[in-house]
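Step one of this worksheet: look at the structure below.
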């Protein structure tokens, strides 16, 4: 009986949000046309940056909650980004932060944007994320698990919210509240509506994941775009494809098809070598929209600054690598550290990240190369 009520509630809710989507279209808040997207991109430089979280935060919640939000640390670290010639950062938000303290959350985003502007950086904000821990909670976050990659990163929405249609209005309020507050802010580059929506989670969290997670997200993704679009943002919306064959629309997975058809600009992830990166760029050019790679750079997998940035620059593809400062996220450890933690010795090569916490680069050669590519002095 409980599941039947949930199914009925979900059907009713989706019907209401589909009606809202139609209303948004009637009011002119529709997906951008290719010409509008091209005009937007003409006015942007070649975009280079990192996925960013300060070294003293283990996840999105610790970055943004009032007790642990650290403007001084952010200012210091973004000065290092500016020194590399980086002009964007991809930054994750979380729905629970809005529920906890909407006004305070908006004030902290404003502070973050002030710091970004000081360093000539325009961030992309990520609204939802399907990766890692599906049981997020507010308040104090646990300490990093020794030797493990991203041991405290949390999903948004978590399993409880994703499975409960009664919580969807709360998610809608979050998206509309954040996007609505900054919809005309020229300091915001774009909105990444959902990170890797069909990711199964990763880590050791399988027992906590809904068995029908992909179906739930596939039903919710268009609504999330509709909520954001209903506020009429001046910035483009996107959601990055990250797996599968994109060479032919007929070969797209249902999720990738939805992502590409909803996005104003096309974004994607690629942690493979230069040949695969260039092949996928060519695949995605068929959609006639600006391209931004919102995740790349895993050194042992031959995805490096030296191999990827020249290709990205040649095609004017935005390039945003994973990992900036080696901190509490521990993304210098590889993905397989979940099965084999690096507790006795560090990995022979850093997986992600550019700087140590004191600002010393992991590789001076890399930093010199990035500056050469961006033209930084």
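Assorted remarks:
- Some residue of the stretch 190-212 being surrounded by 21 or more Cβ atoms within 10 Å (Cβ to Cβ), more than 16 Å from residue 155 (Cα to Cα) and at pLDDT 95 or above: yes
- Long-range neighbours under 8 Å by Cβ, at least six apart or interchain, first residue at positive phi and crowded, with 19+ Cβ neighbours inside 10 Å within the stretch 94-119, second assigned to a helix (DSSP H, G or I) and modelled with pLDDT under 95: none
- For the stretch 139-155, the criterion of being crowded, with 23+ Cβ neighbours inside 10 Å, part of a helix (DSSP H, G or I) and at pLDDT 95 or above is met by none of the residues.
- Listed by position, the helices (runs of 4 or more DSSP H) contained in the stretch 21-128 that have at least 3 residues being over 18 Å from the mean Cα position of the chain (by Cα) are 34-42, 71-83, 95-118.
Quick grid of which residues meet (1) at pLDDT below 95; (2) out of contact with any helix residue (DSSP H, G or I) (no Cβ under 7 Å at 6 or more places or on another chain); (3) closer than 21 Å to residue 141 by Cα:
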{"site": "331", "(1), (2), (3)": "no, yes, yes"}
{"site": "341", "(1), (2), (3)": "no, yes, yes"}
{"site": "350", "(1), (2), (3)": "no, no, no"}
{"site": "353", "(1), (2), (3)": "no, yes, no"}
{"site": "359", "(1), (2), (3)": "no, no, no"}
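- Residues that are touching a strand residue (DSSP E or B) at 6+ places or on another chain (Cβ under 7 Å), touching a residue at least 40 places away in the same chain (Cβ under 8 Å) and surrounded by 14 or more Cβ atoms within 10 Å (Cβ to Cβ) number at least 3 in the following strands (runs of 3 or more DSSP E) confined to the stretch 232-328: 291-295, 318-322.
- So residue 220, is it without any contact (Cβ under 8 Å) to a residue 60 or more places away in the chain, crowded, with 20+ Cβ neighbours inside 10 Å and out of contact with any strand residue (DSSP E or B) (no Cβ under 6 Å at 6 or more places or on another chain): yes
- Test set (1) over 19 Å from the mean Cα position of the chain (by Cα); (2) in contact (Cβ under 8 Å) with a residue 40 or more places away in the chain - residue 206 fails condition number: (2)
- The single condition among (1) crowded, with 21+ Cβ neighbours inside 10 Å; (2) without any contact (Cβ under 8 Å) to a residue 40 or more places away in the chain; (3) not in a loop (DSSP other than H, G, I, E, B) that residue 353 does not meet is (3).
The values are calculated or read from the model by the stated rules, or taken from the named source; none is laboratory data. All values reported here derive from a predicted model rather than from experimental measurement. Ideal geometry is used to build each Cβ from the backbone, glycine not excepted, and the neighbour counts take in all protein chains shown.
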